[in-house]
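Here is the structure we will look at.
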Amino acid sequence: MTALHHARARAEAFAHSLGLRVPILLGPMAGACPPSLSIAVGNAGGLGSAGVLLMKPEAIKAWAAEVRSGTNGAFNLNLWIPDPAPRRDAAAEAAVREFLKGFGPEVKPEAADATPPDFAAQCEAMLEAAPAFISSVMGLYPPEFVARMKAKGIKWIANISSVTEAKAAEAAGADIIAAQGMEAGGHRGAFDAATAEANMIGLFSLLPAVVDAVKLPVVATGGIGDARGVAAALLLGASAVQIGSGFLRCPEAKIAPAWADALGRTLPEQTRISRVFSGRPGRSIATAYVQAATAPGAPSPAPYPVQRGLTQAMRDAAVKADNIDGIQAWAGQSSAMARAVPAAEVVRDLWEGASALLG
């Protein structure tokens, strides 16, 4: 068997072991994974998913119920591992509020008090929803939660951004490793927020190193936008690929039209990693707000989730006005490959194209 055939056979076997028809996973994007998108991906044979970071327990269970009503396919629920409580700085927050006046409505001081939903309650809701997969990002689940997942037969997909993190995830009991290259859109998955920008590794360096370092199957994610990227990732040892930005222009994603249109014309160098939306490093389109907020002299972003609270009004107003300059327009470096076609067509073309390349 040639290397090409071996790569394809490994991916097909992995997909079948998970109950999937194709080794294509939808990236769990918080705020951009409506049930309609996962239903479409699941019915096309891939794995649907939701980033539940911002969802309260009842919303998590409702999302799972709606996806189950529309597809027999498996799905994945993803949750951030919480950071320590942020250090507050009233003067720094005031400077950010003043800066934001140029991009949206006036921000009230109490906006900085935003807190995420209760992590423990979200974990309970995920267990109650009983998906086939639960994934983690920004760290590792505590051992007692891992044990309860295993008892329910739920597989744990651990998102990592370095070989060191991959080894830690394997030791903690992960079933599958999702290796996130620096090309990925949205938030960086680094366990340590303080070093996230310093330790950025491209997928083509990260993926084979992780495959060599762990015994678990590895899913490649970050900058994969077409069949060539899928085939390349499988040749580098991945058993499947996970794609986020590549699905955002699909009608089932239901994102703001200005964001969807901008994705289609965004070159790799027109994305930027910054903390200016949430306080955590994330890759977005370099919009007018991003460029101004990262320019010399701009106020330093507040930590997560304070910065997220401060920018909420701007982001909401921009979505309502369909104004790309204030939208939190997450985008991977291959976003221009995303197509405004149904998600099922994206899944089909990705796998049929990769299969042809792999013989």
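Descriptive notes on the structure:
- Within the set PHE99, PHE103, the sole residue that is surrounded by fewer than 22 Cβ atoms within 10 Å (Cβ to Cβ) and in a loop (DSSP other than H, G, I, E, B) turns out to be PHE103.
- Tabulated pairs, segment 84-105, first among the hydroxyl-bearing types (Ser, Thr, Tyr), second surrounded by 11 or more Cβ atoms within 10 Å (Cβ to Cβ), C-beta under 7 angstrom, 6+ apart or interchain: none
- Out of ILE224, ILE255, sole residue that is out of contact with any helix residue (DSSP H, G or I) (no Cβ under 7 Å at 6 or more places or on another chain), assigned to a loop (DSSP other than H, G, I, E, B) and either free of Cβ contacts under 8 Å to residues at least 40 places away in the same chain or not basic (Lys, Arg) (or both): ILE255
- Looking only at segment 167-201, and only at residues there that are free of Cβ contacts under 8 Å to residues at least 12 places away in the same chain and not in a loop (DSSP other than H, G, I, E, B), the one that is surrounded by the most Cβ atoms within 10 Å (Cβ to Cβ): THR195
- Unmet requirement for SER135, which otherwise passes all of (1) exposed (fewer than 15 other Cβ atoms within 10 Å of the Cβ); (2) closer than 30 Å to HIS16 by Cα; (3) among the hydroxyl-bearing types (Ser, Thr, Tyr): (1)
- Test: residue in segment 47-57 that is more than 29 Å from GLY222 (Cα to Cα) and assigned to a helix (DSSP H, G or I): no
- Selection within segment 285-316 - in contact with a Gly (Cβ under 7 Å, 6 or more places away or on another chain) and closer than 21 Å to LEU248 by Cβ: TYR289, ARG308, MET314, ARG315
- Filter result (farther than 13 Å from PHE204 by Cβ and part of a loop (DSSP other than H, G, I, E, B)) within segment 227-243: SER239
- Residue check for GLY225: touching a Lys or Arg at 6+ places or on another chain (Cβ under 9 Å), closer than 23 Å to SER36 by Cβ, of a type outside the set (Lys, Arg) and at pLDDT 95 or above: no
The values are calculated or read from the model by the stated rules, or taken from the named source; none is laboratory data. Because the structure is a prediction, the values reported are computed rather than measured. Every residue, glycine as well, gets a Cβ built from its backbone with ideal geometry; the counts of neighbours run over all protein chains shown.
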